[in-house]
Each structure stands twice: as structure tokens, then as C-alpha cells.
Amino acid sequence: MYVGLPGFHEAYFGGVVGLDTASQAIFQKCEEGSCPLFRKGWTGWPNDANQDGVLSWFADISQNLAAFAESFRPTLDHRRPLAQPNKPIRGSTAERKLDIGFVNDPQARSDSRCRWSQILVPGELKSNPSADIASKAWLDLGRYAREVLTAQDTRRFVLGFTICGSLMRIWMFDRLGGIASEQFDINHDGLQFVSTVLGFLWMDEEELGFDPSITAEDGKRVIKITRNGKAERLVIDKLMKRAPCIAGRATTCCKAHREEDPQTKFVVKDSWQYPERDEEGELLKEAASKGVVNVARHYHHENVIVRGEVDDIRGNVRRGLNVTEARNYRPERSVISWSTSTTGPPRTGRSSTVSVKRSSSQTGAPVPPGKRSCSASPTKAGNDVIPNRIHRRVILRDYGTAIYKASSRSVLLAALEGCVEGHESLHKAGLLHRDISISNLMVNEDNTNSSWPFF
């Protein structure tokens, strides 16, 4: 987690249409009148920054700012500030209570119960300014961000904020971790606070971190692709699995079908991969071209495009912000260089569908001709390398259920035999599956499903 990045506010709020002009005009309005909202600090701010007092103040000032902003740009009707520190948010395994935030719920009131799928911007309050550290406010907010990312399957990143005493930071959590702005005192820099609140109220879904490549049309979620020069539309049927994490590949799998062919089932797999790794889509395409059997068949793969660019963390999600300029940046130490090849067993992956890699030696012998060695992970690279991840999408022509859900012992045994045959077929083609687990061995018992019966 890196804090104090210069240019953070401009990177994430600078694109909100009309925000600067409106913020200045509204802050000026807050300073006017016989009972101004701001006079050397915010009126009504509790001197001891106690939680209940700050929550009440925040809810009131947010509503006032939203009302002032109506003459500039209507606030989205479904977006509201939320302050319910004593009510657990629904949708997580562990009981978690969100201090404050902004929610996508037009009915949100002080007594409403919300779900993590409705939280747009989580926040964390601490009465003591010294709580603005990793072991306290930062990690608490990170836990909330993880719940939001897990519950919202098209979320690429999550914006949030911490208020410790009167010191505020804006945060962004993505698949490399968390980064944050410089501290600012909301009672000294009232304009910055106004701009932040209005920004959260006015941002569109893409600016809040949702994936614009998945669109909602007539109650359906649709992915548009170009395959063999022709445009196609895939309709998402349901979410299969989403990895509950912040930093990592964050693999998300959905069942889908072509709009004109509801009977043929596909799996859409999104993940955030290190650019130095072999592309899974290319390996699956190669496997299909070599006639490999009982392995999920390649249909299409691509790098996801957002804002006209390949959707990566460093350039697109982080808008070019450089973590080496963070106040707490320390170069990572490592003894592994980029040229180092793996000579031990390949690392275990956690993807929920087929993932393959080129075979390499597990005994330290030279790599056979025609097979590439695996580069070291960027997280273990030289200390001058900043890691990156790219948002990649693979679409597979085979859909099934995990092998442990087989309906009978005979089906289970047949599935095991079929999966062994698939691994053998991959090996003969010069490829080695890197994640043999019960979640990646699949069975298809649906006679109307044209997928492999076992893969």
C-alpha cells in the first residue's frame, strides 16, 4: 500500500465533467451568509472528531453539497451517502460493518440494510489522526475494498477514503494493491473536500472502476467481441466464480451464450495477468490447433480495451501514477533476476478453468528444444522493476461442472479417465497443465450441451 502519491486527485477526479467550476462555486456558497457552512473550518464539525458526531456531520454536509450542486449538474438519483457503523453489510462471509461511504441505493436511509453489491465508495473513520497508518485505517479500508471487489463482478478497481481526525485521504484499490493521495485537512482545505464529495456523487460507472466492456442492455449483460473479422455478442447467463482478493489475478468466470445461439454454452474468463507470462489464450489456441482432446477448447481471446487502451494497471487503472514517488515507497528486495529460468516445479495457480503452460524440466536438466522457460514473477524481480498486470479475457467453447459434483461413482471414474487422457494429449502437444485440481477437472452430464463430456 503506497500513500502520498502526487497528482492522485487530478488522475481520478480531473475527468469528472464540470467538477472544478462547480466545486469552486459551491465552496464559495458555503462561505457566504450569516450562518456559513464553512468559516475557518466546517460548522458542526465535532471538536473531538468522535465517530457519531463525524458520521452525522458527514451525512448532513453531503446532502447540502448535493443540493447546492443541482443547479450545476443533477446528482444521480440512485446515489446516496451511507453512514451505518453499527449495521453489518450483507453479502460477506464474515460480519463487517462499514463506517461510511456512498451507496447505489435510492431507498438508502439511516435504518436501511445494504449489501456489498451496492457499495460504490467505502470509507473508514478514525477519531485519532495517528490512526492514518497501515495497521489501522488503511487495512480496515482494504478489507472493505476486498468485499466490494468480490461482490461486484465487473469492478476493475475501487475508490475509497479514510478520515482520521480531520485528515482525509483518497484511496484506490486494484489488482496490484492500494495507492492513496496525500493527506489533507478538511477543515483547512474545504475546497478539496467539496471537490471530493461532489466527485464521488458525479462520477460515472467507468470512473468508479466498473468494466465498460460489459454493458447492460434490456436487462441482459452483454460482451461484444470481434472474431475472425466479424462482430459477435455474448450474453452472460450467470457468474460461476470470482476470486475473493484485491491483489492477484482475480480470476472471474461466467457462463455465457451467443445472442443468436442460446443452446451453445461458453465460459468467459477474465483475469489480471503479468505481461511477462505466456498468454493463456495463445496456449489454448495452440492446443486446439494441435487437436488436443478433453481440454477446454479455445474460442476467442483478447486484451480488454478501456478508454481506447489496453486495460493494464500502471497505465490505465493508475493513470500513469508512479508508486516510486509515494512517501512510503521502498524498493523491493529480491535475488531473482528477469533472466532466471525456473528449474523446480511450476508454481501452483488458482484459476478456476483450464490454464496451461509450456512444459519445463523439473529435475534441473536443460529445457528441451522448442519449449520456453518460464520467466520469474515480477514480484520477485530486480529491485528496479515495478510490476504490472494486464486485463485479459479468454472465451472457451466448453462448459461443465466440477468433477466432485459428478452424479455417480461411475461418472466420476469416467471423468477421471477422460481428464487423464486430456493431460496426456496436452503433454504430447508439448504443453503442460499447471493447475491440476478438483476445481479444474470438469464433467458435462447434459446431453444438450455440446461440450466435452469430461475435460
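Values for this structure:
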| read-out | value |
| --- | --- |
| Region 259-271, residues that are modelled with pLDDT of 95 or more and either in contact with a helix residue (DSSP H, G or I) (Cβ under 9 Å, 6 or more places away or on another chain) or surrounded by fewer than 16 Cβ atoms within 10 Å (Cβ to Cβ) (or both) | 269, 271 |
| Scan of region 22-41 for residues that are surrounded by fewer than 17 Cβ atoms within 10 Å (Cβ to Cβ) and not in a helix (DSSP H, G or I), ordered by number | 31, 32, 33, 34, 35, 36, 39, 40, 41 |
| Within region 1-21, considering residues that are in contact (Cβ under 8 Å) with a residue 12 or more places away in the chain and part of a helix (DSSP H, G or I), the one farthest from residue 320 (Cα to Cα) | 21 |
| Subset of region 197-212 [over 20 Å from residue 6 (Cα atoms), more than 13 Å from the chain's Cα centre (by Cα) and not in a loop (DSSP other than H, G, I, E, B)] | 198, 201, 202, 205 |
| Options 132, 105: the member that is surrounded by 17 or more Cβ atoms within 10 Å (Cβ to Cβ), charged (D, E, K, R) and over 17 Å from residue 328 (Cβ atoms) | 105 |
| Long-range neighbours under 8 Å by Cβ, at least six apart or interchain, first residue within 13 Å of residue 290 (Cβ to Cβ) and among the charged types (D, E, K, R) within region 407-432, second modelled with pLDDT of 95 or more and not in a helix (DSSP H, G or I) | none |
| Index of the failed condition, residue 230 passing every other in (1) over 15 Å from residue 62 (Cα atoms); (2) in the same structural domain as residue 73 (by the TED database) | (2) |
| Among residues of region 404-455, those that are out of contact with any strand residue (DSSP E or B) (no Cβ under 6 Å at 6 or more places or on another chain), more than 15 Å from residue 287 (Cβ to Cβ) and assigned to a helix (DSSP H, G or I), counted | 11 |
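Here's the yes/no breakdown for (1) free of Cβ contacts under 8 Å to residues at least 60 places away in the same chain; (2) outside any strand (DSSP E or B); (3) under 25 Å from residue 255 (Cβ atoms):
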| site | (1), (2), (3) |
| --- | --- |
| 137 | yes, yes, no |
| 141 | yes, yes, no |
| 144 | yes, yes, no |
| 150 | no, yes, yes |
| 162 | yes, no, no |
| 179 | no, no, no |
| 195 | no, yes, no |
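The values are calculated or read from the model by the stated rules, or taken from the named source; none is laboratory data. Bear in mind the structure is a predicted one, so any value in this text is a computation, not a measurement. Neighbour counts are summed over all protein chains in view; Cβ atoms, including those assigned to glycine, are modelled from backbone coordinates with ideal geometry.
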